[in-house]
Amino acid sequence: MSELTTLKSMMSTFQKLNSLFLSSIFILIVLGAACMSNNDAIISTVESADSNVEQTSNVTSAVTVSPKNTISPEDTNIPDSSPEDTISSSEITPIATAITTVPAASNNQSNDKPIGDNLPQPISEKLTPAAIVAAQAEHLANLYEKTVDSVVFITANTQMGVGSGSGFVWDTKGHLVTNYHVIQNAGQSTSSLTVKFFNGREYRADVVAFDPDSDLAVIKINDIDHELIPLPMGNSSETRPGEMAIALGNPFGEEFTMTTGIVSAVTRTLSSGFSSYSIPAVIQTDAAINPGNSGGPLLDMNGAVIGINTQIKSSSRQSSGVGFAVPVDLVKRVVPSLINAGQHSYPLMGISGNEVNILLRERASLPREILGAYVNRAALGGPADLAGIRGDSSLTGSLNFDGDVIVSINAIPMKSMDDLIGYLALNTAPGEEIIVGVFRNGSEIAISMTLGSRPTTS
């Protein structure tokens, strides 16, 4: 009996072990299937992620590349010595960018759905070259219709003859912005300014104020009998070479003309032609601008002003593909001053200098990493001189190469004299205290300086 009992006990134990073994096998099978499923999901995610990188790159490019065309027209009354803006866009093929908005996921969508499934496909797969060109043409046509009512054709009748140029609406009070050289002889009793809009309406205009240093002027029309639509102001500091730009103006008297091109450069320093000072951060463009375009707006692809067309570089006084526009960041500082105070006050450091090039670096034994503005002279009694900034010790035209190098202002690196001129004009004001970083005798020091005021150019 005891043996039988023992046998039954052993059989029971065996059954339990067998059941446990089979259960374990089943669990292992389930776990194995789950692991395989998870592995597949990981692979899918990685592939999707790779795809997302490409698509994200395309989307980013589409947003960033938002093109802008540039044009710098000139007026027919500009002296031969004054450069004119010109751009030839015949060889330029602008690129329109289509941006697809990624739809937000609904509450019913699974959170673990690959992100790539929600991103737009690469633009190249959705738009053909013909479609891109057609989209751009449609956009430019709409942009023209949207902005042309804000552009004016200016005629100046003076003792020197009749000249013409361009301008645009600044505000609803009748203020218009143009170049100084468009109206420079229009302040005489025998002269008169006429302003014509795209709708055919014409008005007499008076000169409010002008600034020869920037080649800017404000005029005003009275007895307005139609709505004035000011153009929106952009940011020239955010404008980049390669972006598209659009110029509106009246080249050779051909009223309300649109031309397009690209921004060729954004950090040019250009003589105004009417003072000893330079216009900073000038926009260079290859958009077609010619005499008569001066004072007209240079727009981005959204219709915002990024510059005012002012000069061209051309021996024939016709478009050569090298035109220039006063940057709108300077316009936004100068024009309100002209309207409210009748003039604009520029900050003054009181130095003359050169860019640190390889020759100067070698002669002055400057480290390779040192860039900035070498101080040739610090005007006696000027802000720089009073602050302790040192110019070259030579009293003749030949330098001794022992002057200070300005490497920063308010901790902002100055890579050249152009950078310094631009920073002062666009970011500081007379009476403002700045911190000047100076490289001297092998080390950099910080010097506090109170800026003066530039003499007014009459």
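General observations
- Checking each residue in the stretch 413-430 for being over 19 Å from residue 336 (Cα atoms) and in contact with a Gly (Cβ under 9 Å, 6 or more places away or on another chain) picks out 413, 414, 415, 416, 417, 419, 420.
- Test: residue in the stretch 311-329 that is buried (at least 24 other Cβ atoms within 10 Å of the Cβ), closer than 25 Å to residue 208 by Cβ and at pLDDT below 95: yes
- Among the residues of the stretch 374-399, those that are among the hydroxyl-bearing types (Ser, Thr, Tyr) and surrounded by fewer than 22 Cβ atoms within 10 Å (Cβ to Cβ) comprise 393, 394, 396, 398.
- Members of the stretch 415-434 that are surrounded by fewer than 18 Cβ atoms within 10 Å (Cβ to Cβ), within 15 Å of residue 268 (Cβ to Cβ) and more than 16 Å from the chain's Cα centre (by Cα): 415
- Within the stretch 212-265, considering residues that are surrounded by fewer than 22 Cβ atoms within 10 Å (Cβ to Cβ), within 24 Å of residue 336 (Cα to Cα) and among the hydrophobic types (A, V, I, L, M, F, W, C), the one nearest to the chain's Cα centre (by Cα): 233
- Subset tally (residues that are of a type outside the set (S, T, N, Q) and in a loop (DSSP other than H, G, I, E, B)) for the stretch 275-319: 13
- Per-region count, the stretch 123-168, residues assigned to a helix (DSSP H, G or I), in contact with a Phe, Trp or Tyr (Cβ under 6 Å, 6 or more places away or on another chain) and not small (Gly, Ala, Ser): 2
- Taking the stretch 131-160 as the range and being under 24 Å from the mean Cα position of the chain (by Cα) and of a type in the set (Ser, Thr, Tyr) as the test, the residues that pass are 144, 147, 150.
The values are calculated or read from the model by the stated rules, or taken from the named source; none is laboratory data. Bear in mind that the values here come from a model prediction, so they are computed numbers and not experimental data. Positions of Cβ are generated from backbone atoms using ideal geometry, with glycine treated the same way; all protein chains shown enter the neighbour counts.
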